[in-house]
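Student: First, the structure itself, so that you have it in front of you.
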Amino acid sequence: MSISIIVAVTANNAIGAGGDLLFHIADDLRRFKAVTMEHPVVMGRRTFQSLPKGPLPGRLNVVVSRTMPAPADGSYSVVRSLADAVALASEAPGGEEVFIIGGGEIYREALPMVSKIYLTEINATVENADTFFPKLDDREWAVVETSDTHTTSSGTPYRFVTLERK
């Protein structure tokens, strides 16, 4: 079992503001779906509550929360700790790769366990962000794949980068 992070970050490591993504990039959302489909996804309560259509289909959704009750319909799982989330997710179908999908606190807590990071690097700085991704130590991570640079419809450059722990 491996633990991976998938995240879109700006030049100043911002990932969110007001409980929402900073950018809605169609290619990034398609990549997210393609990479995580049929694998368990682990997230914090606020990330789960920000999902516009509820649990992500085609994946076990595991929410880390000390206050949120489990749903009566079993459409997602709620656990009290990241360790419990990873244990549950690793036993589920597709659990050979478990994806941490946010938010900031969950990313920080999970980072020491992670072996791979799927980044969408957005070449922009967002001043009003309130959620940030931890700064990565280049001595710990190697770039194993980089896409060409693309541009959003509003002219913001972005690229996909995959990192593996050295």
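The values are calculated or read from the model by the stated rules, or taken from the named source; none is laboratory data. In this text the structure is predicted, and so the values were computed from the model without any measurement. Cβ sites come from the backbone with ideal geometry, for glycine too, and all protein chains shown count toward neighbours. Surface accessibility is based on the protein's heavy atoms, side chains included, excluding ligands, DNA and RNA. Shrake-Rupley method; radii C 1.70, N 1.55, O 1.52, S 1.80 Å.
Student: Can you name the residue in region 52-73 that is free of Cβ contacts under 8 Å to residues at least 12 places away in the same chain and either in contact with a strand residue (DSSP E or B) (Cβ under 8 Å, 6 or more places away or on another chain) or farther than 22 Å from Ile5 by Cβ (or both) and is also least open to solvent (accessible area, probe 1.4 Å) among such residues?
Tutor: Per the stated criteria, the residue is Pro71.
Student: If you check Ile15, Ile3, which single one turns out to be in contact with a Phe, Trp or Tyr (Cβ under 7 Å, 6 or more places away or on another chain), part of a strand (DSSP E or B) and hydrophobic (A, V, I, L, M, F, W, C)?
Tutor: Ile15
Student: Further question on the same structure: Against the condition under 19 Å from Met37 (Cβ atoms) and buried (at least 19 other Cβ atoms within 10 Å of the Cβ), how does Tyr76 come out, does it pass?
Tutor: In short, yes.
Student: All but one of (1) open to solvent by less than 40 Å² (accessible area, probe 1.4 Å); (2) part of a loop (DSSP other than H, G, I, E, B) hold for Thr47; state the number of the condition that does not hold.
Tutor: That leaves (2) as the condition not met.
Student: A further question on this structure: Consider Asp137 against the criteria (1) touching a residue at least 24 places away in the same chain (Cβ under 8 Å); (2) surrounded by fewer than 16 Cβ atoms within 10 Å (Cβ to Cβ); (3) within 18 Å of Ile6 (Cα to Cα); (4) of a type in the set (Asp, Glu): it satisfies all of them except one. Which criterion is unmet?
Tutor: (1)
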